[in-house]
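Step one of this worksheet: look at the structure below.
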Amino acid sequence: MNLDDYRGVWVFIEQNNQKIEGVSLELLGAGRRLADKLMVPLAGFLLGSGVKPLASQVIAYGADEVYMIDHPVLKQYRTESYMKGVMLLAQKYMPEIILYGATPNGKDLASAVATDLVTGLTADTTMLDADLDSRLLEASRPAFGGNIMATILCKKHRPQMATVRPKVMKALEPDSSRLGKIIEENITLQEEDMRTKVLQIVNDVTKKTNLADAHVIVCGGKGMGDIQNFQLIHEFAETIGASVGGTRDVVEAGWLPHEQQIGQTGETVTPKIYFAIGISGAIQHVVGMKNSELIIAINKDPNAPIFDVATYGIVGDALEIVPKLIEQFERLKNEKGGEISYA
Ligand SMILES: Cc1cc2nc3c(=O)[nH]c(=O)nc-3n(C[C@H](O)[C@H](O)[C@H](O)COP(=O)(O)OP(=O)(O)OC[C@H]3O[C@@H](n4cnc5c(N)ncnc54)[C@H](O)[C@@H]3O)c2cc1C
């Protein structure tokens, strides 16, 4: 393998029903930085059926080029058909870096492609950088139970690939005046040859909270003491119109369901305001919330690591402070006619 034959940064543009997933737009932002650093074009690649109108959006969010395969068999995601499409594009155009969103489909596709292209894949990356001299992608993620951050390099194989979770990177402001090149490829796919058929798509209606899109989150930790005290977290969240999250220890204690866990093995969130109450600030928690715009931490231990990432810190007993906050916000709400606005 001649590594110098590979050039360009590519982002998998995941779409569902002709709507681009937010993580793909975020990755175009991250990919733009990498491509500029490596002085190569940034491309988005798009597979599906009836997806041509999406190309201009991909360019507006930072791509110089869009590679596209539009075929009826690609209407719904399936490993086999999508992998064939990606293999065709990757072997023909030989990008040096490919980024995928760490969504269920993105993870599935990236691992299948990595196997067939015999290359490496760094999963659930939280930081991306590149080195111009070596042209290596530096993909960092928590390792060894989250005790260290490991930067993983793929020195001998191409393309270098990584998956990144939603909300970890920031999308650029779209610029509809940007110009780019659209390259369409044809693929031969027959529905009869597919080993899997999509019979029905059933939306998960059990998921009650969508923390990833919440503007304000009140997150409680084990420091709340017990499930009764944890009610203060729900009460405070209700008062200020916030969503409730918890640490893994809280979920393991049965105080909240897993879907409300924030962190490495839970949700990644980027709200405007994040209250971290009775939370120590373990790295596995912090990787899931550190990109919040404003972090307010309450902890009785002044040396708790959560204060290292907090914008404002309150040292004290949450069981005394949270009721006072509820009281103050209720008073404020009454003064403002019943609503708190975060605009
Ligand atoms: C592979 C792996 C994956 C993990 N994934 C996740 C994940 O996704 N999310 C996650 O959160 N964790 C995760 N963890 C667990 C993580 O390492 C920590 O154990 C966990 O985040 C700690 O939760 P905590 O902060 O609620 O509890 P603790 O670490 O016990 O902290 C409680 C804090 O509350 C403070 N406190 C106590 N009483 C009060 C009071 N009355 N008022 C104010 N403060 C008080 C204490 O000073 C302390 O700082 C993972 C661990 C591993 C190994």
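The values are calculated or read from the model by the stated rules, or taken from the named source; none is laboratory data. Computed from a predicted model, the values in this text were never measured in an experiment. Ideal geometry is used to build each Cβ from the backbone, glycine not excepted, and the neighbour counts take in all protein chains shown.
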(message) With part of a helix (DSSP H, G or I) and within 12 Å of the ligand (Cβ to nearest atom) as the only criterion, which of GLU320, GLU327 stands out?
(response) GLU320
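Condition check ((1) in contact with a strand residue (DSSP E or B) (Cβ under 6 Å, 6 or more places away or on another chain); (2) surrounded by 24 or more Cβ atoms within 10 Å (Cβ to Cβ); (3) among the basic types (Lys, Arg)) across all residues:
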| site | (1), (2), (3) |
| --- | --- |
| PHE275 | yes, yes, no |
| GLN284 | no, no, no |
| ASN299 | no, yes, no |
| GLY313 | yes, no, no |
(request) Only one of these is in contact with a Phe, Trp or Tyr (Cβ under 7 Å, 6 or more places away or on another chain) and surrounded by 10 or more Cβ atoms within 10 Å (Cβ to Cβ): GLU138, GLU185. Name it. (result) GLU185
(message) For segment 93-108, check the following and say yes or no: at least one residue is in contact with a Lys or Arg (Cβ under 7 Å, 6 or more places away or on another chain), more than 19 Å from GLY8 (Cβ to Cβ) and surrounded by 17 or more Cβ atoms within 10 Å (Cβ to Cβ).
(response) yes
(request) Go through GLY288, GLY245 for me and flag whichever is surrounded by 15 or more Cβ atoms within 10 Å (Cβ to Cβ) and within 8 Å of the ligand (Cβ to nearest atom). (result) GLY288
(request) Inspect segment 197-216 for any residue being free of Cβ contacts under 8 Å to residues at least 12 places away in the same chain, touching a helix residue (DSSP H, G or I) at 6+ places or on another chain (Cβ under 9 Å) and within 30 Å of ALA90 (Cα to Cα) and give the result as yes or no. (result) yes
(message) Residues that are within 21 Å of the chain's Cα centre (by Cα), near the ligand (Cβ under 8 Å from one of its atoms), of a type in the set (Ser, Thr, Tyr) and under 17 Å from ALA212 (Cβ atoms): does segment 263-273 have at least one?
(response) yes
(request) Kindly indicate whether VAL66 is touching a residue at least 40 places away in the same chain (Cβ under 8 Å), on the phi < 0 side of the Ramachandran plot and in contact with a helix residue (DSSP H, G or I) (Cβ under 6 Å, 6 or more places away or on another chain). (result) yes
(message) From the list LYS290, LYS333, LYS300, exactly one residue is at pLDDT 95 or above and not aliphatic (A, V, I, L, M). Which is it?
(response) LYS300
